[in-house]
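As C-alpha cells, the structure follows; a few thoughts come after it.
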Amino acid sequence: MNKVIFLFGLIIIGEISAYASADAQYKEAGDEQKAEIISRITAAAAEMQTMQCDFRQVKDLSFMNDKMLSEGRMYYKQSGKIRWEYLRPYKYVFAIDGRNIYQTAGDNTQTTPIKSSKLLGDISRLMIGLISGNGLADSRDFDVRILVSNDDCKLILTPLRKEMKALFTAVNLFVGKTDVRIRTVEMVEKSGDLTTITLLNIQTNIPLNDDIFTN
C-alpha cells in the first residue's frame, strides 16, 4: 500500500488541554437521547447532497512543542466523493471519486484504486463519515458515546476492529445541537499525536461538478 496514502489517512482526521477542560461542561446522554441524536445525524447526512467549506487543521505532534497549522478548502458530494485541497503552507490535493484515490502535488497526480486495499476502503469510508456523519454514529465498527452540553454534542468514537485500532485510539466529533452538522473533528492517533480539523464557512446542497473529485 502506498505509504503516502496511509500517512494521509492518519493526518486528516486544538489543544488537548482545552478539550479536557471543556469536558466538564458535558453530560452523558441517556439511551433515549442518544438514539434521538443518532437518528437526527443520520437524517441530516441523507439530506446533505453536497458540501463545501474552508478548513483549518492543527496537528499536535507528541515529539514536538510546535503545532503544524494547515488551511485549505474541502468539497463533498454523496456517492463517496470528497476533495481535500491544502492551500497553506503548501499546496496538495487528496481526492476520492468513489472508485479511486487521487493525490496531486505540483503537476504530478497519482491514482490508486480503492479496491486495491481493504484498509484504503476503510479510510475512504471514515473520511466521508467524518465530514457528512453518514455511517459513523450508528456504525458497528465503533463504540459510540455521546455527551451533550448547552451548545453542542460530542461523539466519542472508539474503534472496535483491529485495523482501525492500529490507526487511532479515538475520533471525537463535535456537532451543532440544533442542526447536528459536524463542525470539528478531533483524531487521537496511536502515536500520541492529536489532529483537529475545524470546518468554516460551510455551504450545503450547492452544485458541484464531478470533475473536481478526480484531480
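Each reported figure results from applying straightforward, stated rules to the coordinates on display, with no laboratory input. Only a predicted model underlies this, so the values are computations on that prediction, with no experimental measurement involved. Here the Cβ positions follow ideal geometry from the backbone for every residue, glycine too, while neighbour counts run over all protein chains shown.
Can you tell me which aspartates and glutamates have their Cα less than 20 Å from the Cα of K165? Leave out same-chain residues fewer than eight positions away.
D60, D122, D138, D141, D143, E186, E189, D193
Can you tell me the length gained on complete extension of the stretch Y26 to D54, counting 0.36 nm per residue apart and subtracting the Cα distance?
7.4 nm
Would you grab the residues whose amide H sits under 5 Å from the one on R181? Only those 5+ places off in sequence or on another chain, please, with H modelled 1.01 Å from N.
The list, which skips near neighbours in sequence, is G176.
Which of rounded, prolate or oblate describes segment 110-203 when judged by the alpha-carbon gyration tensor and an a/c cut-off of 1.5?
It comes out prolate by the Cα gyration axes.
Using the Karplus curve 6.51 cos²θ - 1.76 cosθ + 1.60 with θ = phi - 60°, what ³J(HN,Hα) values do you get for each residue of segment 121-128, in whole Hz, with x for Gly and Pro?
Listing the rounded values in order: x, 5, 5, 4, 5, 5, 4, 4 Hz.
Of N108, Y92, Q49, which is farthest on the positive side of the dipole of segment 42-196, counting Cα position, with +1 on Lys and Arg Cβ, -1 on Asp and Glu Cβ, and the Cα centre as origin?
N108
For R73 and T169, calculate 0.36 nm times their separation in residues minus their Cα-Cα distance, and state this gained length in nm to one decimal.
Taking R73 through T169 to full extension adds about 31.9 nm, to one decimal.
May I ask which of K118/K190; K91/K115; K59/K190; K27/K177; K81/K190 have a Cα-Cα span longer than 24 Å here?
Beyond 24 Å between Cα atoms: K91/K115; K81/K190.
Scan around I101 for amide H atoms under 5 Å from its own, H built in the peptide plane at 1.01 Å from N, and keep only partners 5 or more places away or cross-chain.
Here T112, I114 satisfy the definition.
Give me the one-decimal nm value for the distance between modelled label points at D107 and N215, 7 Å along each residue's Cα-to-Cβ direction.
Taking the two extended label points, one gets 1.4 nm.
What spacing in nm lies between the two simple spin-label points modelled at S191 and Y90, each 7 Å away from Cα in the Cβ direction?
Once both label points are built, they end up 1.3 nm from each other.
Using θ = phi - 60° and the Karplus form 6.51 cos²θ - 1.76 cosθ + 1.60, what ³J(HN,Hα) does each residue of segment 198-210 get, whole Hz, x for Gly and Pro?
10, 8, 10, 6, 6, 10, 10, 6, 10, x, 9, 6, 4
Under a crude label model (7 Å from the Cα following the beta-carbon direction), how far is E47 from R161 in nanometres?
In this crude spin-label approximation the distance works out to 3.0 nm.
Return a whole-number percent for the relative contact order of segment 96-215, with Cα pairs under 8 Å and 6 or more residues apart as the contact set.
Contact order relative to length: 18 percent.
Would you please classify the overall shape of segment 89-133 from the alpha carbon gyration tensor, given that a ≥ b ≥ c denote the square roots of the eigenvalues, rounded means a/c under 1.5, and beyond that prolate means a/b larger than b/c while oblate covers the rest?
oblate
If you filter segment 77-182 for chymotrypsin sites (Phe, Trp or Tyr not before Pro), then keep DSSP loop positions with at most 13 other Cβ within 10 Å, what is left?
Numbers: sites: W84, Y86, Y90, Y92, F94, Y102, F142, F168, F174; in loops: Y90.
Hits after loop and neighbour filter: Y90.
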